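Everything on this sheet refers to the single structure shown next.
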Amino acid sequence: MFKLNIQHFAAGENVHTTTGMAVNSTGNIAPYDGGLSAEMKTYYSDYLIDMAEPELVHDQFGQKRAIPKNNGKVIEFRKYDPLPTLTTPLTEGVTPDGQNLSVKTITAEVKQYGGYVELSDMLLMTAIDNNLVEATALLGGQAGRTLDTITREVLAGGTNVQFAEGQVTERSILSAAEGHKLTVDAIRKAVRTLKRQNAKPINGSFVGIIHPDAAYDLMSDPKWVNVKTYSDPEGIYNGEIGKIENVRFVESSEAKIFEGEGGGGEDVYATTILGANAYGTTDISGGGLQHIVKQLGSAGTSDPINQRATAGWKATKAAVRLVEQYMVRIETAASINQEG
């Protein structure tokens, strides 16, 4: 568990972290009011982001945009059309005509999300652990999962869908008993689709976001390469577990499940295969995710005897699909459906 030396951030006071009391300049003990120096505020803000980032599996591979400042609630992403193939030979000594970039602007409305916890005066004064540190860690995890889910739902709405290996045409038919589990052939077909639609790999490979239940079925293939055996461990994605058929897979228990929508009420698992620039999302740094602390007594008359402090988070977020052809959602059943 992370240890915080709160002494490092004390401004003019020595803070006793186990009792929530402060020692003033005369040596007398007085109740600590929860005040945070500028350095401590920055520290906790960074700590919140550090706790949130591991949860942001679905955000890793999109175009990132900073939160717009003083520019309303709309954020812009840009999509560039490819330049045409030029098959006409150049004429000696003649400069050819220049070309114009064709760019489309896709907009999305940013929205705010957030939550907080209350920290009572007794909790602050009697707890052995630093409750603000613990609260920030939990809030960071909550913020990360919330923001990740928002992006996941946007991706799960994509229109480029493949059902198992392609032998069925709708979700309601998918069944593990019928062999509609995730296979390497299903991955090959998704990659072929992306290549035919001119999707570009991300750092040399396509990327798959996969649920552990679906990953279990795929990892039994002899061509599976476990992440632990990579010859070059640099640049491993957060949550990466391995690769097959030039697709690097990132595992998340938050990957999309269409609960009970398969054959016989089975769960259907979405494995999303992505190319570069398929979607866009906002960055959590630079104001995208904020840590907010309200001190004991800051509520005025609504907290007349200084009993409550709060710690919370607030995020401004948008996610949008940019090019439907650059992502494929493979929907399958999973062998776990047969084990129950």
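The values are calculated or read from the model by the stated rules, or taken from the named source; none is laboratory data. Because the structure is predicted, anything quoted here is derived from the model rather than measured. When we count neighbours, we look across all protein chains shown, and the Cβ atoms used for this are built from the backbone with ideal geometry, even at glycine. The accessibility values were calculated without ligands, DNA or RNA, using every heavy atom of the protein model including side chains. Shrake-Rupley method; radii C 1.70, N 1.55, O 1.52, S 1.80 Å.
Points worth noting:
- What the phi angles of the stretch 255-267 give under the Karplus curve with 6.51, -1.76 and 1.60, with θ = phi - 60°, is a coupling list of 4, 5, 10, 8, 5, x, 9, x, x, x, x, 6, 6 Hz, glycine and proline written as x.
- Residues 237, 326, 44, 116 ordered from highest to lowest accessible area at a 1.4 Å probe: 116, 326, 237, 44.
- Order by protection proxy (mean Cβ within 10 Å, highest first), peptides 160-169, 208-217, 294-303, 174-183: 208-217, 174-183, 160-169, 294-303
- FRET efficiency, 1/(1 + (r/R0)^6) with R0 56 Å, evaluated for residue 299 and residue 102 via beta carbons: 0.55
- Solvent exposure of the chain amounts to 54 Å² per residue of accessible area, where only protein heavy atoms count and the probe is 1.4 Å.
- Counting only protein heavy atoms and a probe of 1.4 Å, the accessible surface of the chain is 49% carbon and sulfur.
- Unsatisfied cross-links (Cα-Cα over 21 Å) in the set 111/294; 79/195; 195/243; 195/256; 64/200; 79/200: 111/294; 195/256
- Simple point charges give the picture: +1 on the Cβ of Lys and Arg, -1 on the Cβ of Asp and Glu, and for the chain a dipole about the Cα centre of about 940 debye.
- Applying a length cut-off of 15 Å (Cα extent along the axis) and a mean Kyte-Doolittle floor of 1.0 to the DSSP H helices of the chain leaves no helix.
- Helix-only arithmetic for the chain: the sum of -39500 (n - 2.57) across DSSP H runs with n ≥ 4, divided by the residue total, places the mean residue ellipticity at 222 nm at -6500 deg cm²/dmol.
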